[in-house]
Structures are given as structure tokens and as C-alpha cells.
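All remarks here apply to the structure that follows.
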Amino acid sequence: MSSLFKKKIERKKSLSRKEISLARLENFRKEVITDTHSVPLGELCRRLYTDRETGLRPEQAAEILAKTGPNTLTPSTKTPEIVKFIKTLTHGFSILLWIGALLCFAAVVIRMITTHEMDSDNLILGCVLVVVVVVTGGFTYFQEHKSHKIMESFANMVPPKATVIRGGETMTIMSKDLVEGDLVEMKFGDRIPADIRVIHSQGFKVDNSALTGESEPQFRGNECTSDNILESKNFTFFSTNAVEGTARGIVVACGDQTIMGRIAGLTARLQPNKTPIARELEHFMKIISVWACFLGVIFGGAALAMNYSWIEASLFLIGIIVANVPEGLLATVTVCLSVTAKKMAAKNCLVKNLEAVETLGSTSVICSDKTGTLTQNKMTVCHLWCDSKIAHADSTTSQDEAKEYNGSEGFKVLMRCATLCNRAEFIHGEEDKPVLLRQVRGDASEEAILKFVELTKVESSPSIFRHNNPKLLEIPFSSTTKYQISIHGLENGRCLMVMKGAPERILARCTKIFLNNKTKELSDELRHICDKACTELAEKGERVLGFCDLLLDEKYHKDYKFCAEPPNFPRRELRFVGFMSLIDPPRPQVPDAVQRCKSAGIRVVMVTGDHPITAKAIARQVGIIQAEEVIDACNMNIIETLPVFKDKAIVIHGSTLRDMTNEELDDILHNYREIVFARTSPTQKLQIVEGCQRLGEIVAVTGDGVNDAPALKRADIGIAMGISGSEVSQQSADMILLDDNFASIVTGVEEGRKIFDNLKKSIAYTLASNVPEILPFLAFVLINIPLPLGVMAILCIDLLTDMLPAISLAYEKAESDIMQRPPRNPKTDNLVTRKLYFLAYGHIGIIEAMGGFFVYFAIMAEHGFKPHQLFGLRQKWDSETINDLVDSYGQEWSYISRKELEYTCYTAFMISVVVTQWADLIVCKTRINSICQQGMGNMILNISLVVETVVACMLSYIPNMNYLKFYPVMFRWWCYSLPFALFIIIFDELRKLHMRKYPTGWYRQETYY
Amino acid sequence: MPSSNNLRKQPSRSLSKQDELLSIQTQYFVKLEDLKLTRKQKCLRFVYDTDTKKVMGRTPTSWSKIGLFYLIFYGMLAALVAICMWVFLQTLDPRIPKWQQDASVIGTNPGLGFRPMPKDNEESTLIWLQGTNKANYLNWFDNIMEFLDKYYTPGKIEKGNAYLKTCSYTEWPTETEVCEVDVKDWGDCSRDQFFNYYRSSPCIFLKLNKIYGWTPDYYDDPYDLPPDMPKHLQDHIRNITRLEERRNIWVSCEGENPADVEYLGPVQFYPPVQGFPGYYFPFRNSEGYLSPLVAVRFLRPVSGIVINIECRAWAKNIHYNRAERMGSVHFELLID
């Protein structure tokens, strides 16, 4: 596979770095198809020009190294930071605002050239616009600026040194100098430095849980056991851990070509979908921009047609752009999201990507890894069989359920056997800790048994018991014999042989059985009962171990020299004592969390690298599978002949998945509610996620292992485990559950849905004030009245007075039980819907605008310009040469005082918008409930009302604000828009009342956003 | 696992709820036929959908419903505005502004205005006079006459309850009287002489902005005149012996720069008192009130050169600021 890959790259040398990166991504996506694990060893050695005894010659190795490059992971190409920054500066509304700013500067320059006067108004405005763009751009940039350290985290998994045999000599080299064909020595505790085919092994076991999700250490020998490289027993993978034994093997893949390297490359290069909220915002900004451009062009054109000068037309354009664009909205949304992110962090959900806060709320499918996510990644004794009955083993400290079995003699004998035939030991110095938290040296299953024994307290403490019954001989577990034997000297002087192993092997050696306090002959009937019990446990996905013992004859006393090779003691006709079965149990909170997800309309799909039986058992336990009937799709034939059963669950094997087309996968994902994917490879996890996304679902992926990383990255939201999760998974994820508690996801969903609702309210609030910003300009152009609201005042509304109230809506509590409704439909249930535009623009905005115009006309009239006089007055009003404009009372106004009056109107108009926005804020607190039901408990919102008012006062009453065209406003003018504010509240309360009363009524259809 | 046991025992009711949710969920899936449509087809279907009879996304009934709703809603809103406006207008007096002088934005610093104002260009203050061109000076004549019409034919302005009175420094008007402006006071700057435009010694009329209730504070003490007051105006004031006759808002006109002063030549003011007599103030918006005017005649301005002229009004409560054009007026004169 490596040669193929290299050729591709060489051929494309002329391509850009980005294209190479893409090509690599496509290559990484493909499933590994290789025969390096299955070809005869001699053939492999020939292929790699190596020797199975002496390895590569050093100079040969150096040559290959020069050709293939070091055994490291190639980092993905990165976009330069400055490019990213510029991108944020030209993103969304920024383009429009840039246009506005440029028009301002152009107006200044033209004025400079023609009249040599400084047009300070436009200069200030242009500068403010530029500052707004740069500040919001910078704000977004720093929020999005997440250091993606995926590659670094993968690099951390590479061991620094490796032991190789080159030219017959054993040497330690830097693992980056490792090349294909190298002969490598591995021992327990090492990290595997490359993908290695094992040619010689001594009890060698590796921990593959990061890669495949199998909880137990896997034995590795020199036999090829499967066509699938991931399942073959003669292959060890780059960066997995050796836990036991020693082995020697030949490197067959290095660096990026290793299984892990491919996962790393895939993960680092995958581009996740845009988050739903980003898509929503983009859509919204597109609509607003198009609308702004449309209005701008129409009115710019109209102005030109009405013989306004180019400069004036461009000033209209600036005004219309500034009025249409909610400048503060992006910052508001970001702050709202970070407010929720903080809340979630307090509930142990650390959000890395701010936009992911909402994604969880829209999630419709959770693809969950099993090991370490749904389960504890800790083998535990689950059931035991003695006295011909299965008992549920109680592994809690309280031992409440243990009463039904722990009195019997059979149980004691089983426990004796389990204690003695066990190599695991507690680590010293942790005796005070609770048993379950104490660390154990040894195999995961043995650890589980040891802890169980310790908890049952049948034989005081295992260590003391073992001390009293010293071990005389031990034959460790091997994959060929599949059992483990130890011989102990008992206190009474006799010797006991105990044996543990695969149940069928153990039963084959037994002729007696210990049953109800008596040793009986193991009749065929009893044997059948034992077999049945064993099968029953195995079907639960549990790992069953059989136990037997034999009290040796007196001739085998303590001083007898027991010998393992060849064994000089009887190993047949043993006495069977019972089974114990182990499983990696689900985390206790998971079943409840899964149930809550389901009731919130979210499907939970299990995607695991583990065996189908285990996967199914866990799926049942946690409630992912609730259906009575489960279809096992272990091969393609089943899929092809499958009728559609919606009420059935399905378990799909990885090998089946490999043969399925995308359409078939889509059908499965569509038709089955309860799905478990077992034995999946990392790329298949990715395939499943992409399948769901193809169906328009929003997918959350939970996982803890390296094998989950690509899926985590590709998912709409990747959720990693904080304690047990690997660093790679945490780097690829958008969210980290700090306490590993799956139930936190439910909290996340709840918060996500709430913030989505609240963002809607926030946007509805912000958009409403756009109408009183736009209409003055339109009135200015169309009916030729003096401008009622200046551009600077518009900016102050958008950026100062409206900001905090909009943010405060993020703190609003949910209106109903948001966990009882299905996830939103990303196609129709948008953030900003047509109804929202109608309500914000067509209803509330218009009322606000009317309030503003009323205040404007009132102030003008109080000063002498009655409304009818204002129409068509614009030219005279704005002419600097007319110093004696007559008002309705015969008074004559100079240009200066006229402008002061106009600016007073700007301020008053702004204040009227503030006043009506008070009402709007109260109205926006709820979407359907009455304000009386919701209450005014949101203190942040109440404070924001005060702050908003104080800001408006400051703008109006600070004397130096004259430079920005703000003038003091009489107190009574504040009150003029109160009727309109009241009208907003009354109208909206009536609307909501109607909506509550008639849930299918016209009002609800048309205005429930 | 106790909880898992519970789950298995759960009634089938929860399953049916799940089914319901699933059916909602399946609606999410992309409709295949939607994907097949091109952008143009989608647009066309949006404009008119033959299947659902939807025009622009709505059926005709839906359109009429929403149209009716907005009609009612905006009708209510319009009613609200109308009520507010009506109530508000009731609080206004038809003759007396609500806010006066310092309470109003208009303030207490009246500006000066001049006539004729160039009409062809709104932004220009250049009076470009071609004395030999009859069309040109008739143009300026018409311009002035448009403004002076009501002075020459006082009958044109509506008669109110105020009586027209010929005022003098000793006979000030009462509340119910307004002072007459006598066109004969303008001497050479009369209608009959075409305001002397044809002689290239044009008359410019100056007026003070009317501000309701504003009373001037006169420079009536010859020994307490501001130092920046032109010398000849100071002399003029000192030459007036009677105190009550010094109750005027004085007017001066000069070239802005020394060169302009030279080009401008002598200036004559009508009425000869060189100011707005005090008895015209305060302005109370009485019907029939006419602003007093001062006609300025430039006797021998140099032709062929643009002359910058600034006229100022002088009273203790008229503040002067050239940049903001307070208390003064600026215009240019060009005579060909």
C-alpha cells in the first residue's frame, strides 16, 4: 500500500500543497487492504529485503530511510493566521460595512478635492465603521482561534526509542529512524513503534483499546487468524501498548502508512461540517445583505433619478446599509453562546468550539462509542455460576445482593479457587482506599476477579489467604492451552491444584463437580446443564471463565518438587467448581441518559469496535436496544434480503458494513430505530457518521479512543471523555465531558436547545429596531422631510443600547419542557424564520418606527415646524445658504439652529427607539407564554433595561456628545413614545393569548417563530 | 444493573411515543425529488406551484388572509398614530410656539438674511450682476420683488385682529398693534428705480431673523460701543442725539478683506438710521407683521471682481461668530 501511495504523491508533485493534502485525505479514507499479515514470512522478508534473524543491514536501513523519510506523522498543511484573520474581516456583514466605510471616505476625499473643506462627519463615520468591522472581526477571530493540536497529540503517542536488530546486532535507535523491514524487539511496557508483524512471541499481549475498543489486552502470536488486518493476531499496531510478554517482529509500515498514522492523517485533514448555528447565521446574513443591497440599489437609483447628486446618493446608500445591518448582532450571538458555554462548563461540559454549544441542541442522532463511553472500560465480575444456578455478582462495596449466594459452600470453594488461581495483586500502600479505586498489577480480568473476591470477604483478604496457602507452582495462561494452573500448599499440609480458563477446556478436564456441598460425578446431564449456563452467560456478551480444582494425593506434599515442563502432577479428572463471567459494565448513569435522549427524540446509535455479542448486551443494558427482536446482520445476505422492520433492532457487523453500498447504509439508518454497529474500523465509524449526515441528520459522536478521532472530527459535534479519553480524542472533539458522565450530554442538549430558542428571541429583539432605523432614510428620500435619525445614532442603537438587552435574553429560562420535544428540523426550523422577520419587521418594528416618527413630528411641531410643513422641506432645510427658513409661527431659522433642531430630533428618535425597545425586550422574553407566566426573574435582563436607559441618557446629556450629533432631550419627549410601547405589549400579549388558545390557529401558523 | 432491569420492564407506551418521534424525524430526510430540481425550476415553482396552487409560497386564500390581517393591523396602528397626533396637536397654540427663545432650540441669537438670493444654485451666495444686460437685472429685480411684494401691497397679507400702525421711536405698538414698514424709507432703493441694478450700484436688502418674543438689547450708549464696531457706525451712533432714537439694531456692511473694502467703495443705508428700529420688536407672530428691512446700496463697486461682503447686526444680545455665521451674513458681489 505504501508504494502505491508514494507513486501518487510523486506524480502530483506539481500540485499545490492543498491538493496534495486533499489527495492524502482521500487516500486515508480508503480501508486498508494489505496482505502483509497473511503472506508467508519468507515472501514478506523477500519483499522487504530483510532477514528474519539478523534484520536489515545498517547501511540498507539508512538507504530506505533516505527514500521513505522518517517514521513520523506528517502534519497537515495549515492556513496562515493572517489569512484566517483577513477571512474573518471579510465575513458576513463586514463586506457591506466596508462598502459603507469606503463610500464615507470617498465622500470625504471628493469634498476635500472640490471645496478643500474637511468633511469631519463622514470621516468620523467612516472611521467608526472601520473600527466596528475590525473589532467584530477580531472578536470572531479570537473566538474561532482554537489551536488544533490534533497532530501534536498523535505525535505524543509515538515512543521516542525502539529496540531493533540490524545486521544481527541489537541496538536502541530513535523510533523516527525506524524503517520498513526492520526487525524489532518489543517487551511489556513498551509502546509499539510502528505497524509490526509478529514473528516470535512469548506471552505477548497488547492493549488495543485505543484502536479497536476492545477492553481486554489481546494476545499476539505469529499466526495469521483473520483476513482483516485489525483482527489478525499476528499484527501489532503503531502506538498501542504492550502489556505483557515479549515479542519480535518485522516492521511492515511506518509513519503515515501505519493504521494509526492513517487515522491521524484522516483526523487532521478532515474538514468538519459547518456547525448548524454557523449555517443558520450565514443564511441569515445572506438574507439581510441581499435585502440591504436591494434597498440600497433601489433607493440609490431612485435618488439619482430624483436629481440628487452622486454624493448625496452615496450618502443614502451608507445610511441604508448602516440601518439594515445589525452591527452588534454577531458579537451578541458570540457572547450569548459563551454565556451558555460557561454555564455548561460549570456542569462539567467543557465546550472547546463555541458554536458547538448550540449543536447539541439540534442533534438528532448520537453515535456513541461503547468502550469507555457507555461502559467504564473496566472489566467487572458480573455473574457467577455455582450450585447449578446463575447469580448476579454484586460488585458494590455494600454487598446488598450478595446474600443470596455468599452463604453457600459452593461459592466458598469457587472463591478459594478464584483467589488462588490469580496472578493479580493490589499495589502496596493503597490499603486505605475503597477497593474499587485501588490499583492492581495484572491482567484486567484477573483484576476484576481479585477485586470481587476482596469485596465478598469470604476469605478475609486475598493477600492473607494467599500468604497462608503459598503458591508452589504456576503455569501461566497461554493461548494454546487456554488455561492457567497454580498449585498451593494448604494449611492442612496437603496441596491443592486450581485451574482457571476457557469454559470448554476446563469442562473437558473435569470428571467431578462440586454441587450443593457434595462432590458428585459430572454426569452427561450435569455437563449439559453446565454447557447451557455457559452459553447463557456468553450470550449476554460476557466473558466466561471456568474454575476447577483438585485436592492432590498425599504423595504430593509441600516439599514435592512440582515441575511445569513437563508437568509432573495430574491434570485430568478435576473437580469443576463453577463459572464466573466478566463484562465491562455500563456506567451507572448511562441508561437513564439514553432514555432521556430518546424521549427528547434523539436516536442513540452504538458504534463500537468490539464484538457484536458484547455490543448487543451492553446496548440492551443501557436501553439503546429495547425491541424484543434483534436482527443480527453478520453478513451481506441478511442485509440484501431484509424486509423493513421498524420496530426491530439491528446489529451490523463491520465486515457487513464493508460490503454495503451507501444506499444500503442509508436505508438501514433510515429504517431502523435501534442500531448497533459492531467490529467497526475507524474509517467505518466515519462512514456511519457521514451516512447520517447525508440523511440530513445532525450527528453527535461520543468517543474516547483514538479510533473515534476521525468520527469525532467529522461529526457536527464530537464529544470526548475528559478523564478516560485519550488526548487525541479530546483534541479532535468539540466538547469534553469533564466527569466522563454520559448524562452531561443530556444537560448539553437541554442548554443547546435553550440557547437556540433564546437566540431566536435575541435576534427578534435586535431586528425590530432595524425598521425605525431604515424608515427615516426612506422618508428622507421619498417624502423629503428633514432626516429624522442620523447614521451615528443608528450605530449607537445597534452597538450600545441594544447590545446588552439582546445578550440578557440568553439568560432567559426555558418556556416549556424542551426535553420533551423532538430535535428541530434543520431544514424548516431555522434560527431566523420568515415568521420571525414578519413579526420583527412587520409588527413590532413598524410600531417602533411609528413611535419614533411621532416623537420626531411632535418635536418639530413644538418648535414651530408643523408636520404638513415638513413634507418637501428637505432641500431648503439642508441648504447652508438659507439662513432664514420660516416655520409655521413665522419664526426664521438659521442653518445652525435648524441643524441643532434636527440633531435633537435624532437624539429623541433614538430615545424613542430605546423606550419602545423596553417593551420589545419584555415581549421577546417569551415566544408563546404570557409575560405574567414567565415573570421578570431574569435579573440580568432587568439590569440591562437600566443600563440601556443610562447609556441613552449619557449620549443625550453629556455636553461633549454634540460632536456626535447628540443633543439634550426634554424629559417629556421620553414619554411621547410610551403609548407605542404599551401598544407593543398589549398587541403581543393578545397574540400570544390567541396562540395558546388555538394551537393550530392561523396566528400560530403565521407568527410563532 | 437495577436501572437496566427497569428499562426492560417499561410499558410499551413509551415505544409508541418513540414511534411518533421517529415519524417526525423521518420528515427531516431530504426529499429526493427536491434535489433533482434545478435552481431555475425551484424559482419558478416558488413563483407559481402548479401542484399546490401556491403563488410566491402561499395559496391565494392564505395571501388574502394575511393581507386582511395586515390591513387591520396597520389600520389600528394608523389609528393610534392619528389619535396621538390629534391629542398632541390639541396641546399646541396656533399662534404661540410651545418653546420660545432659550427654551427652544432656536435660541436668542437671530441671524441675518439678505435678498436677492441667487436662485439658480442653492449653494451659491454670489450676486452676479450684468448691469447692461436688461434680462439679467430684470431677473434680479423679479427676485427682489418676489420678496418685497407683500411690503408694496400690504393688502395681500391676511388681516388679523392686529391694527397696522405707523410707529415711531415715541409711539411704540401695543400688544394688538403691528408696525407698518414704509417702502418710502428705502429712498433710492425703490421699485421704481429697479433698485438701481441697472446702474450697477445695486441695493441689497437685509433682514433680521424673526424669533418669537425676542427683544434686542440696544447699543444705545455712545460711550459703550464694542471696539470691533466699524468706526463710521460708531460715529453715526454718536451723531444721534436723542436717546430713544438710538434704540436700533445697528447694521454695518464691509468688505471682508482690506482689498474688498477698497473695491467695495462707499455704502449707503436706507432707512438712514442704519438699523432696524427697536419698535418692531419683539415679534409676536401677529398677523400683518412685516420684518423691518435695511436696504444697503453699494454706490460704486469696482466691476469685474468678486467682492466679498459681510454685513453684521449689532445689539448686545446678538453674538457674532463668522465661522458659524452668527449675527452676520456673507455674500459676494460681481458686477460686469
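Of note:
- Residue among B:GLU254, B:GLU287 that is assigned to a loop (DSSP other than H, G, I, E, B), surrounded by fewer than 19 Cβ atoms within 10 Å (Cβ to Cβ) and either within 14 Å of chain A (Cβ to nearest Cβ) or in contact with a helix residue (DSSP H, G or I) (Cβ under 8 Å, 6 or more places away or on another chain) (or both): B:GLU287
- Scanning segment A:248-282 for residues that are under 25 Å from A:GLU355 (Cα atoms) and of a type in the set (S, T, N, Q) yields A:THR267, A:GLN271, A:ASN273, A:THR275.
- Filter result for A:GLY168 (closer than 30 Å to A:GLU447 by Cα, small (Gly, Ala, Ser), surrounded by fewer than 17 Cβ atoms within 10 Å (Cβ to Cβ) and over 31 Å from the mean Cα position of the chain (by Cα)): no
- Flag if A:ALA858 is more than 8 Å from chain B (Cβ to nearest Cβ), farther than 30 Å from A:VAL746 by Cα, assigned to a helix (DSSP H, G or I) and out of contact with any Gly (no Cβ under 7 Å at 6 or more places or on another chain): no
- Taking segment A:939-955 as the range and being more than 40 Å from the chain's Cα centre (by Cα) and either crowded, with 21+ Cβ neighbours inside 10 Å or among the basic types (Lys, Arg) (or both) as the test, the residues that pass are A:ALA952, A:LEU955.
- Looking only at segment B:296-319, and only at residues there that are within 14 Å of another protein chain (Cβ to nearest Cβ) and in contact with a strand residue (DSSP E or B) (Cβ under 6 Å, 6 or more places away or on another chain), the one that is surrounded by the most Cβ atoms within 10 Å (Cβ to Cβ): B:ALA313
- Complete set of residues in segment A:803-817 that are at pLDDT 85 or above and within 24 Å of the chain's Cα centre (by Cα): A:ALA810, A:TYR811, A:ALA814
- Matching residues, segment A:971-990, being more than 9 Å from chain B (Cβ to nearest Cβ) and crowded, with 19+ Cβ neighbours inside 10 Å: A:TRP973, A:TRP974, A:SER977, A:ALA981, A:ILE984, A:ASP988
- Cβ pairs under 8 Å, 6+ apart, first in segment A:348-368 and under 19 Å from A:ILE688 (Cβ atoms), second hydroxyl-bearing (Ser, Thr, Tyr): A:THR359/A:THR275; A:SER364/B:TYR28; A:ILE366/A:THR702; A:CYS367/A:THR702; A:SER368/A:THR702
- Failed item in (1) touching a Ser or Thr at 6+ places or on another chain (Cβ under 7 Å); (2) surrounded by fewer than 18 Cβ atoms within 10 Å (Cβ to Cβ); (3) in a strand (DSSP E or B); (4) not aromatic (Phe, Trp, Tyr), with A:ILE196 passing the rest: (2)
- Within segment A:611-627, the residues that satisfy the criterion of being part of a loop (DSSP other than H, G, I, E, B) and either buried (at least 24 other Cβ atoms within 10 Å of the Cβ) or free of Cβ contacts under 8 Å to residues at least 12 places away in the same chain (or both) are A:GLY623, A:ILE624, A:ILE625.
- Among the residues of segment A:563-590, those identified as within 14 Å of chain B (Cβ to nearest Cβ), touching a residue at least 40 places away in the same chain (Cβ under 8 Å) and either of a type in the set (D, E, K, R) or in a loop (DSSP other than H, G, I, E, B) (or both) are A:ASP584, A:PRO585, A:ARG587, A:GLN589.
- With respect to the conditions (1) away from chain B (no Cβ under 14 Å); (2) touching a strand residue (DSSP E or B) at 6+ places or on another chain (Cβ under 7 Å), A:ALA649 lacks only one, and its number is (1).
- Remark: pairs (first residue in segment A:826-841, at positive phi; second residue crowded, with 18+ Cβ neighbours inside 10 Å; Cβ separation under 9 Å; 6+ apart in sequence or on different chains) are absent.
- One residue stands out among those in segment B:91-121 that are in a loop (DSSP other than H, G, I, E, B) and among the basic types (Lys, Arg): the one that is farthest from the other protein chains (Cβ to nearest Cβ), which is B:LYS119.
- Some residue of segment A:591-600 being crowded, with 24+ Cβ neighbours inside 10 Å, within 13 Å of chain B (Cβ to nearest Cβ) and either acidic (Asp, Glu) or without any contact (Cβ under 8 Å) to a residue 24 or more places away in the chain (or both): no
- Scanning segment B:15-33 finds no residues that are within 9 Å of chain A (Cβ to nearest Cβ), at pLDDT below 80 and under 53 Å from the mean Cα position of the chain (by Cα).
- Matching residues, segment A:805-822, being more than 11 Å from chain B (Cβ to nearest Cβ), more than 14 Å from A:VAL923 (Cα to Cα) and touching a Ser or Thr at 6+ places or on another chain (Cβ under 9 Å): A:ILE807, A:ALA810, A:MET819
- Within segment A:778-802, if we keep just the residues that are closer than 28 Å to A:LEU941 by Cα and part of a loop (DSSP other than H, G, I, E, B), the residue that is nearest to the chain's Cα centre (by Cα) turns out to be A:ASP802.
- A:GLN143 meets all of the listed conditions (1) part of a loop (DSSP other than H, G, I, E, B); (2) under 25 Å from the mean Cα position of the chain (by Cα) but one, namely (1).
- In this entry, A:ALA649 is excluded by the filter for residues that are farther than 14 Å from A:GLY541 by Cα, of a type in the set (Gly, Ala, Ser), surrounded by 16 or more Cβ atoms within 10 Å (Cβ to Cβ) and modelled with pLDDT under 85.
- Selection from segment A:823-838 of residues that are crowded, with 19+ Cβ neighbours inside 10 Å and either within 11 Å of another protein chain (Cβ to nearest Cβ) or of a type in the set (Val, Ile, Thr) (or both): A:PRO823, A:ARG824, A:VAL832
For every residue, the table says whether it meets (1) without any contact (Cβ under 8 Å) to a residue 40 or more places away in the chain; (2) touching an Asp or Glu at 6+ places or on another chain (Cβ under 6 Å); (3) surrounded by 17 or more Cβ atoms within 10 Å (Cβ to Cβ).
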{"site": "A:LYS403", "(1), (2), (3)": "yes, no, no"}
{"site": "A:LYS433", "(1), (2), (3)": "yes, no, no"}
{"site": "A:GLN484", "(1), (2), (3)": "no, no, yes"}
{"site": "A:GLY493", "(1), (2), (3)": "no, no, no"}
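- Helices (runs of 4 or more DSSP H) wholly inside segment A:870-957 that include at least 3 residues being in contact with a helix residue (DSSP H, G or I) (Cβ under 8 Å, 6 or more places away or on another chain), more than 14 Å from chain B (Cβ to nearest Cβ) and over 17 Å from A:ALA858 (Cα atoms): A:895-924, A:939-957
The values are calculated or read from the model by the stated rules, or taken from the named source; none is laboratory data. None of these values were measured; they are calculated from a predicted model. When we count neighbours, we look across all protein chains shown, and the Cβ atoms used for this are built from the backbone with ideal geometry, even at glycine.
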